[in-house]
Amino acid sequence: MRIIDSHCHLDDKSYAEDLNEVVARAEAADVMKAMVVGVSRASSEKCVALAEGRDFFYASVGIHPHDASDTEEATLLRLAELAKSEKVKAWGECGLDFNRMYSPQDVQETWFVRQLELAEALNLPLIFHERDTDGRFLEMLSAHRFDGLRGVVHCFSGSTTEMEAYLKMGLHIGVTGIVTIQKRGEHLREQVLSVPRERLLVETDAPYLTPAPHKNKIRRNEPAFVREVLLKLAAVRGDDPELLAESVWNNTTALFNL
């Protein structure tokens, strides 16, 4: 199989000592590429450096809603410069998060809209983050959508109504290891049955959200484990794993122009 981890954070300090081994384990598990996703100026710079230094990685640049309070226009202009690298294939992760409210809602919304504008100007697909916004993310995205909008709602955890709206917009749905968790993933396993095969991506969100059965043995997630997400997704949907893997590979390479 050929698998892509469409969303991970291998710039995290937890990989500083064994990144070579992490990549080797991924490749041994048929994970051929990974998208390292920026969430701040510093992390975006690290992600671009990783991607430029290894064929295994591509990168995105963006400001996570948690980091919105530390953002200014100069920050986004720096990210736009980074986005000129041939290894930068997306803008994000950006969006809204009303769960922990590390940044005030109005600040999150201001910089979310500005990042939509930059993604449009740079003709980049978007990696979206949405958590506990009670429809506000969808409302804002609908109000500020633009011709040619394309992207993925990463680590999808919304309602079925929201999922259907994203699909109507032409967006993809990113599925994480949550789908493998017995209780927490129950609703998601029902929802993925309704996602067209051509709109599915798989991801780890490493170092977070380690899938079963690995989560019982190791806390830190890594790209190799996205194979378990793919296999569980295939089992839930009744798809042939190799055919689903090829479809998801094609979806990811087309969305991000890899």
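The values are calculated or read from the model by the stated rules, or taken from the named source; none is laboratory data. Note that the structure is predicted; figures quoted are calculated from it, not measured. Glycine gets a Cβ as well: all are built from the backbone with ideal geometry, and neighbour counts include every protein chain shown.
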| query | Does any residue of the stretch 10-19 turn out to be in a helix (DSSP H, G or I), at pLDDT 95 or above and touching a Ser or Thr at 6+ places or on another chain (Cβ under 6 Å)? | reply | no
| request: Could you list, in sequence order, all residues of the stretch 15-32 that are within 18 Å of residue 208 (Cα to Cα) and under 17 Å from the mean Cα position of the chain (by Cα)? | output: 31
| field | Filter result (touching a helix residue (DSSP H, G or I) at 6+ places or on another chain (Cβ under 6 Å), crowded, with 22+ Cβ neighbours inside 10 Å and over 15 Å from residue 118 (Cα atoms)) within the stretch 50-78 | value | 57, 58, 59, 65, 68
| query | Has the stretch 32-49 got any residue that is closer than 30 Å to residue 242 by Cα and surrounded by fewer than 21 Cβ atoms within 10 Å (Cβ to Cβ)? | reply | yes
| Is there a residue being surrounded by 21 or more Cβ atoms within 10 Å (Cβ to Cβ) and assigned to a helix (DSSP H, G or I) anywhere in the stretch 203-224? | yes
| query | Picking from 106, 147, 134, 97, which residue would you name as being touching a strand residue (DSSP E or B) at 6+ places or on another chain (Cβ under 7 Å) and of a type outside the set (S, T, N, Q)? | reply | 97
| said: Considering only residues that are aliphatic (A, V, I, L, M) and buried (at least 17 other Cβ atoms within 10 Å of the Cβ), which ones fall in the stretch 230-247? | reply: 230, 231, 233, 234, 236, 244, 245
| message | All but one of (1) in contact (Cβ under 8 Å) with a residue 12 or more places away in the chain; (2) farther than 24 Å from residue 23 by Cα; (3) assigned to a helix (DSSP H, G or I) hold for residue 44; state the number of the condition that does not hold. | response | (2)
| Name the pairs: first residue in the stretch 163-174 and without any contact (Cβ under 8 Å) to a residue 24 or more places away in the chain, second residue surrounded by fewer than 22 Cβ atoms within 10 Å (Cβ to Cβ) and not hydroxyl-bearing (Ser, Thr, Tyr), Cβ to Cβ under 9 Å, at least 6 apart or on different chains? | 170/149; 170/150; 170/199
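Table: residues versus (1) in contact with a Pro (Cβ under 6 Å, 6 or more places away or on another chain); (2) at pLDDT below 95; (3) farther than 17 Å from residue 257 by Cα.
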| position | (1), (2), (3) |
| --- | --- |
| 59 | no, no, no |
| 74 | no, no, yes |
| 81 | no, no, yes |
| 85 | no, no, no |
| 100 | no, yes, yes |
| 111 | no, no, yes |
| 123 | no, no, no |
| 131 | no, no, yes |
| 138 | no, no, yes |
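Does residue 93 satisfy the condition of being under 20 Å from residue 258 (Cβ atoms) and at pLDDT 95 or above? Can you show your working first?
Values: under 20 Å from residue 258 (Cβ atoms): yes; at pLDDT 95 or above: yes.
Criteria met by residue 93.
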| Within the stretch 40-58, can you find the residues that are within 19 Å of residue 122 (Cβ to Cβ) and out of contact with any Gly (no Cβ under 7 Å at 6 or more places or on another chain)? | 40, 41, 43, 45, 48, 51, 52, 58
| request: Could you check, for the stretch 239-249, whether at least one of its residues is in contact (Cβ under 8 Å) with a residue 12 or more places away in the chain, in a helix (DSSP H, G or I) and touching an Asp or Glu at 6+ places or on another chain (Cβ under 8 Å)? | output: yes
| message | Here are the criteria: (1) more than 19 Å from residue 172 (Cβ to Cβ); (2) free of Cβ contacts under 8 Å to residues at least 24 places away in the same chain; (3) not basic (Lys, Arg). Tell me which single one residue 224 does not satisfy. | response | (2)
